[in-house]
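The values are calculated or read from the model by the stated rules, or taken from the named source; none is laboratory data. This is a predicted model, so every value here is computed, not measured. Here the Cβ is made from the backbone with ideal geometry for all residues, glycine too, and neighbour counts use every protein chain on show.
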Amino acid sequence: MKKTLLKGGVIALLAALLLSSAALSGCRKKTASSTGENIVKSEQPQGNREYDVKLDERTKETQYQYGDDDLSLVDTVSGKKISLGMSRDEIEKITGEATKTDAEYKYYDGVIVAYKDDKAEALVTASGPFDGDTATRYKTSRGIYIGMPMEDFKKAYGDEYSEGTESTNEKGETEKSASRATRYFKKSGSKIEYIGQNLESNQKKGDTSGIYFQDFMFSKNDNTVATVKIAHWDTMHGR
């Protein structure tokens, strides 16, 4: 009788531990980009582009779920990721040497990097400084690249974005600013929590050491992705 009770108690304890573990993990769902399974050998390689990053079409439940992969860009030449926090030496083993340097950024083939204390604090790719295939060398971990339609962007990152606003220039002509989608998230240890499209004033005044963001700007002409920026909030705001 005692053995039966003891066995039953052990089983109950194990069940409780399993439930507790599930609760602590927050029932986090695995996604193609979090596991890296959407980084594949390209079916139609172009030049030295051996890899592709398939679009990670997420569910409503996981579109605003963030992980370490969201702090990186994927190189379609090597299939490797360059990430915030990596040293300049680590990044240049993937990108090659910088082609241009200014006060804040180093320009590589298809990506711009800002460093602080020799660690990457911002990653940028855009249609402005890069032309044609060079602009599409790097993709986000969810498969977004320069020139991609906004509708595909929404499949991976959700439909929260700010519509461009209209204004009148000096000539009396109506102009419209570009639409953009910003995603703020906070990293604490291994946990990354989505904050929203904006930071509240009290959040900006508080501890921002773990706050990062992704900023996507869309072309005013055809609503395709024109700029991708992934950065630490402090670096981009002079802290």
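Just one of (1) crowded, with 17+ Cβ neighbours inside 10 Å; (2) in contact with a Lys or Arg (Cβ under 8 Å, 6 or more places away or on another chain); (3) at pLDDT below 95 fails for ASP133. It is (1).
The residues on offer are GLU57, GLU61, and the sole one that is out of contact with any strand residue (DSSP E or B) (no Cβ under 9 Å at 6 or more places or on another chain) and at pLDDT below 95 is GLU61. In the range 137-146, the count of residues that are in a loop (DSSP other than H, G, I, E, B), surrounded by 13 or more Cβ atoms within 10 Å (Cβ to Cβ) and of a type in the set (S, T, N, Q) is one or more. Given the condition of a type in the set (D, E, K, R), surrounded by 10 or more Cβ atoms within 10 Å (Cβ to Cβ), over 22 Å from ASP70 (Cα atoms) and at pLDDT below 95, answer yes or no: does some residue in the range 28-35 qualify? No, the range 28-35 has no match at all. Contact annotation: residue pairs with Cβ atoms under 8 Å, 6 or more positions apart or on different chains, pairing a residue in the range 108-128 that is among the aromatic types (Phe, Trp, Tyr) with a partner that is assigned to a strand (DSSP E or B), are TYR115/LYS106; TYR115/GLU121. Inside the range 161-190, residues that are of a type in the set (D, E, K, R) and surrounded by 13 or more Cβ atoms within 10 Å (Cβ to Cβ) make up a count of 4.
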